[in-house]
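Only one structure is covered here, and it is reproduced in the block below.
Nothing in this text is a laboratory measurement; each read-out follows from the coordinates by a stated rule. Just so it is clear, the structure is predicted and the values come from calculations on it, not from any experiment. Every residue, glycine as well, gets a Cβ built from its backbone with ideal geometry; the counts of neighbours run over all protein chains shown.
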Amino acid sequence: MKKSLAQKIIEEHVVSGVWQVGTEIGIRIDQTLTQDATGTLAYLEFESMNVECIKTELSASYVDHNLLQTDYKNADDHRFLQSIAQRFGIYFSPPGNGVSHQVHLERFGIPGKTLLGSDSHTSMGGALGMIAIGAGGLDVALALLGEPFHLPVPKILGVRLTGRLSPWVSGKDVILEMLRRHTVKGGIGRIVEYYGHGVETLSVTDRATVANMGAELGATTTIFPSDHRTREFLKSQGREQGWKEYKADSDAVYDEYDEIDLNALEPLIACPSSPDKVTKVFEVEGIPVAQVIVGSSVNSSFRDLMIVCKTIEGKTVHPNVSFEINPGSRQVIENVAALNGVLTLIHAGARIHQSGCLGCIGMGQAPAIGVVSLRTFPRNFPGRSGTEGDQVYLCSPETAVAAAIFGKITDPRKLGAYPEIKEPAHYLFNENLILKPLPVEERKNIEIVRGPNIAPFPRLQPLPDDYRGEIILKVGDNITTDHIMPAGNEVLPLRSNIPAISEHVYERVDASFARRCKEKSGGIIVGGENYGQGSSREHAAVAPRFLGIQVKIAKSFARIHRSNLINFGIVPLLFKYPHDYDAITQGDALAIQGIKMAVLDGAEEIRAFLYKNPSSSNIPQKKEISLIIKATAREREILLSGGLLNTIRGRIS
């Protein structure tokens, strides 16, 4: 059978299992990346396994999330991360140097390699023809040890691109069209692979935007072929020697198909408050805008910023708009500055921030109450901006700058002639800004710096024989990791302190959640479809586990969150019958007899008894419900031991 590009690269890295959709395989990981919001915990987990060196070809640690230093916590964690990197032979990108996936694309990404990152937007590496997958920090910590990364063999969704993008239409509109068609659940269990003659019309920058936001589809990852456009990009970065052509077989067979005529695309925009609430820009024209942000996690490249610079040249930002720029990397802003772009932005009235995630993760840049904010970010989940009841729209840099000029949502095609942007043949960059690994003989002399905010990783108990708990919380569909574990400048600095951060679990949904968990010694959380979508933050699993939650039941789980639950010993159960979800009310009790034996024996169906009104003086109403556990033998071993760290420690000892 003719093979897709994704299948070819993955099969080159398989160390266990075979290519059969739905079965589990283990793949060798060539490169890893971490960012500080997830990496601090990942390296604490790595340290706890008492090893002396990393086993990957290349690993990099980026500081790009917790950039506001409102007290000592973030600054202390940055010193910890730098010392860990120097101690174990990891590249270190310091605060202000740029967003992890953007910098990795520029400096380290290599076609045909596998990349595992503790950031869901690691998938941006697919723009270079990599298998780049976002995962929980513990999975990345194990990859550093040379352990394979396990995943169910995904379906491959082949998307054929034809034609060429029209003026004022860019890569952001391609991925918004995919989200319009497939929704935030459409990519679950799939790799999205782009092919066809339209692909070669897209720059690596546009491909990076599409690959980055493939995470919003719920996809395992996204991949483009490595072709002459890839070679041009790597050459401009001084890394042409790393280029190799990678493409699918001619007439490759895909599990599913879609096709986009690039000629037919128009400027699109995602309305509040989900990336898949997509409509054409002209259909929402005229809505007043108070804030516009270009950059951060996506659309923060040289090309994206220069489109803005060329468009706003000679103009002034509308007086009612705060127009803000978050460059993706120091390299980006340096090259924009070399072409007088920074001067143009300053003169027009833009606010230029440091290179990093910032407002995308709620680290500053919160909009005012009751106003509209247009952002080129990948996500607009409710409250993620830092403002409750926010009205955040997602759009391209073209649509963003049009709103900044006119003060309202405006079809960018009204701006006139489309600026021609030519990327540098050779980018300016300072190779010394990323700290390289020390020689092996010098690493043992490095003292790891630990501030008072860093707490030891908690020990987790094995799975009990039986499990009974109150339905401590019931939620609906598409619950995000932002719902479970909020971001922002109050919570993010606690990422290295599980006891402290656990106080914030579900606080935006139910402020009493953490207190009630402590009073009840845990319980059970019930959710709807696509539970846990969004970021890779494993704190959304380990913090509830710290509060005593050892079972979650949902109609379906998002990929990364499900893996994180298992990694920390939380059993992810599915409803066999959807009506059982409707029968459950928060405050009911659920008893699962023999849960440990069911996991041990490989049972797929588990009986449970639901008790209505368990705290009333009346006799509780008892109802039997059927739950499904879909887990491999490896995952069941992890659940039995109480988590992956316990499993690995046992194996090492």
(request) Distance between Cα centroids, segment 500-522 to segment 379-405: provide it in whole Å. (result) 29
(message) Tell me the Kirkwood radius of segment 467-652: reciprocal of the mean inverse pair distance over distinct alpha-carbon atoms, in Å.
(response) 16.7
(request) Determine the principal axes of the Cα atoms in segment 279-414, then give the extent along each, sorted from largest to smallest and rounded to whole angstroms. (result) 39, 32, 25
(message) What is the ratio of the Cα radius of gyration of segment 166-224 to 2.2 N^0.38 Å, with N the residue count, to two decimals?
(response) 1.06
(request) Could you give me the percent of Cα pairs per 10 Å distance bin for segment 182-287, shortest bin first, beginning at zero and ending with the bin that holds the maximum distance? (result) 12, 37, 33, 15, 2
(request) Pick out, from Leu151, His121, Phe108, the residue whose Cα sits farthest towards the positive end of the charge dipole of segment 62-151, with +1 on the Cβ of Lys and Arg and -1 on the Cβ of Asp and Glu. (result) Phe108
(request) Please turn the phi angles of segment 238-255 into ³J(HN,Hα) values with the Karplus equation 6.51 cos²θ - 1.76 cosθ + 1.60 (θ = phi - 60°), one per residue in order, whole Hz, x for glycine and proline. (result) x, 10, 4, 5, x, 7, 8, 6, 9, 8, 5, 4, 4, 6, 4, 9, 10, 5
(message) Suppose every Lys and Arg Cβ carries +1 and every Asp and Glu Cβ carries -1, with no other charges. What dipole size does segment 467-652 come out with about its Cα centre, to the nearest 20 debye?
(response) 400
(request) Report, in debye and to the nearest 20, how large the dipole of the chain comes out about its Cα centre when Lys and Arg carry +1 and Asp and Glu carry -1 on their Cβ. (result) 540
(request) Return the Cα extents of the chain along principal axes one, two and three, sorted largest first, each rounded to a whole Å. (result) 75, 59, 57
(request) Give the residue from Ala270, Val599, Gly218 lying farthest towards the positive end of the charge dipole for the chain; charges sit on Cβ (+1 for Lys and Arg, -1 for Asp and Glu) and the dipole is referred to the Cα centre. (result) Val599
(request) Lys and Arg at +1, Asp and Glu at -1: add these up for the other residues within a Cβ distance under 13 Å of Leu433 and post the number. (result) 0
(message) Check which residues have an amide H placed less than 5 Å from Gly527's amide H, if you skip close sequence neighbours.
(response) Val475, Ile553, Ala554, Lys555
(message) Which residue, Ile498, Leu44, Thr311, has the largest displacement toward the positive end of the dipole of the chain when charges sit on each Cβ (Lys, Arg +1; Asp, Glu -1)?
(response) Ile498
(message) Restricting to bridges with both residues inside the chain, how much of the DSSP beta-bridge set is antiparallel, in percent to the nearest 5?
(response) 35
(request) List Glu447, Glu507 from most exposed to least, where exposure is judged by having the fewest other Cβ atoms within 10 Å. (result) Glu447, Glu507
(request) Would you please calculate the Kirkwood hydrodynamic radius of segment 274-330 over all C-alpha pairs and express it in Å, rounded to one decimal? (result) 13.2
(message) Around Phe513, under 15 Å between beta carbons, what's the net of Lys plus Arg minus Asp minus Glu among the other residues?
(response) +2
(request) Lys and Arg at +1, Asp and Glu at -1: add these up for the other residues within a Cβ distance under 12 Å of Leu358 and post the number. (result) 0
